[in-house]
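Read through the structure below, which is laid out as structure tokens, and then see the notes.
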Amino acid sequence: LVLEVDSAAVKKDRLHALLENARDALRKERIATKSVRMVGDSVVVIVRDDTQQQKALEILQGLSQPIGGLAFGAARADVDVAAADGQIRLTLTEAGLQSRLDSALQQSLEIVRQRVDQVGVAEPTIQRVGADRLLVQLPGLQDPTRLRELLGSTAKMTFHMVADVGANDPLPPGVSRLKDAKTEATYAVEDRVALDGERLTDARASFDQRSQEPTVNFKFDSVGARQFAEITSANVGRPFAIVLDGKVLSAPVIREPIVGGSGQISGNFNVQDTVVLSALLRAGALPAPLTVIEERTVGPDLGADVIKMGVYTGIAGFLLVVG
């Protein structure tokens, strides 16, 4: 398999992170803004009080980080921050984007290796090819379908509160409709991430003791366990959506505070679904989607032909030497 990192997704995620960081930094310093929004490859900030423009500029310049090496005597930056026409513009630099893509590819390589280990293939070859691609070679794999499912899923899990919005009601700001992963149902889900799946430390395929349906049991680290306890304590009676790659796996109602740092995902799964999902969660989320752009299979017939040709060549060479 040849896999390609989605560079557009890397850029989009970086812009979203930059926008949130800008909001948080200004809010922390009590600088009010008229707007903070994305425009092209930039985040544009308009400060409410003109007298705070310079202070805001200095704060936002702190979000720009140097990247490796020196260029023309000065360290290169990942973000260019400049003020003009009453607004502050934070623009992603080409060097910064390339550094992000390089980092995403390296991280993807390690996660792909972990996921391949979950399949149990002996002696896999996983290597970087060019600026944005990975080559994965797996000897002896009979059915590549499960592997494509493992490698093609970003596996970014997040936990969100479900908003109290009717099926036909207009959505308030900060709320989006997400589809169910298995059915045609939709959920009005708050955009704000209540808890990130990066806090997961383990995930295992299992069965519900009461219904005997396939489930995935998961555990959080100490920070995630504390956050999970706080969220469930403050929201008893409300549905809590478990979202994977933009689709809702399940949205159970919080019946009581969950303080043990563990939980369960259920919902129209078969056994294979839970095995794949638990493997994805254990290996961790990819920093950006991977797309299979090439797939080649060398079957046993081709292998036999190569061996046969090698034997014939060897015999012919031996006869020539003897002759």
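The values are calculated or read from the model by the stated rules, or taken from the named source; none is laboratory data. Worth saying up front: this structure is predicted, and the values here are computed from it rather than measured. Cβ sites come from the backbone with ideal geometry, for glycine too, and all protein chains shown count toward neighbours. These accessible areas exclude ligands, DNA and RNA; they are computed on the full protein's heavy atoms, side chains included. Shrake-Rupley method; radii C 1.70, N 1.55, O 1.52, S 1.80 Å.
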Subject >> Nearby lysines by direct alpha-carbon distance to Lys28 (threshold 30 angstrom, same-chain neighbours under 8 apart not counted) >> reply: Lys11, Lys12, Lys55, Lys156
**OP:** Work out, step by step, the length gained on full extension between Gln114 and Ala17: first 0.36 nm times the residue separation, then minus their alpha carbon distance; give nm to one decimal.
**Re:** 32.3 nm
Original post:
Considering only the other residues whose Cβ falls under 15 Å of the Cβ of Asp102, what net charge follows from Lys and Arg at +1 and Asp and Glu at -1?
Top reply: -1
Original post:
Over the chain, what percent of the accessible surface lies on carbon and sulfur atoms, probe 1.4 Å?
Top reply: 51
Subject >> Phi-based couplings in Hz for segment 93-101 (Karplus 6.51, -1.76, 1.60; Gly and Pro marked x) >> reply: 8, 4, 5, x, 5, 5, 5, 5, 5
**OP:** Considering only protein heavy atoms, with the full assembly of protein chains and a 1.4 angstrom probe, order Glu256, Glu295, Glu4, Glu184 by accessible area, largest first.
**Re:** Glu184, Glu256, Glu295, Glu4
Original post:
Reported to two decimal places, what Rg/Rh ratio describes segment 99-147 when computed on Cα atoms with Rh from the Kirkwood expression?
Top reply: 1.01
**OP:** Taking every pair of alpha-carbon atoms in segment 26-128, give the share separated by more than 22 Å as a whole percent.
**Re:** 50
Original post:
What's the longest bit of the chain with no exposed trypsin sites (Lys or Arg not before Pro), using DSSP loop states and at most 16 other Cβ atoms within 10 Å as the test?
Top reply: 49-181
Subject >> Solvent-accessible heavy-atom area per residue, rounded to whole Å², over segment 88-188 at 1.4 Å >> reply: 54
Subject >> Cβ-derived FRET efficiency at R0 22 Å, Asp245 paired with Leu141, nearest 0.05 >> reply: 0.40
**OP:** Please work out whether segment 47-205 counts as rounded, prolate or oblate from its C-alpha gyration tensor, where a ≥ b ≥ c are the square roots of the eigenvalues and a/c under 1.5 means rounded, while otherwise a/b larger than b/c means prolate and anything else oblate?
**Re:** oblate
Original post:
Given labels modelled 7 Å from the Cα in the Cβ direction, how far is it in nm from Arg37 to Lys219?
Top reply: 4.7
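If N is the number of residues in the chain, what value comes out of its Cα radius of gyration divided by 2.2 N^0.38 Å?
Normalised Rg, Cα atoms only: 1.29.
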Original post:
Counting only protein chains, not ligands or nucleic acids, how are Thr232, Thr51, Thr201, Thr91 ordered by accessible area (probe 1.4 Å), most first?
Top reply: Thr51, Thr201, Thr91, Thr232
**OP:** With a probe of 1.4 Å, find how much accessible area segment 1-85 has per residue, and write the answer as a whole number in Å².
**Re:** 59
Subject >> Most fluctuating residue given options Leu178, Leu290, Leu151, as computed from a GNM of the chain linking Cα atoms under 10 Å >> reply: Leu178
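Between Arg255 and Thr291, what length in nm is gained on full extension when 0.36 nm per residue of separation is reduced by their alpha carbon distance?
This chain segment gains 9.0 nm when fully extended.
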Subject >> Theoretical FRET efficiency, 1/(1+(r/R0)^6), r = Cβ-Cβ of Arg192 and Gln127, R0 41 Å, to 0.05 >> reply: 0.60
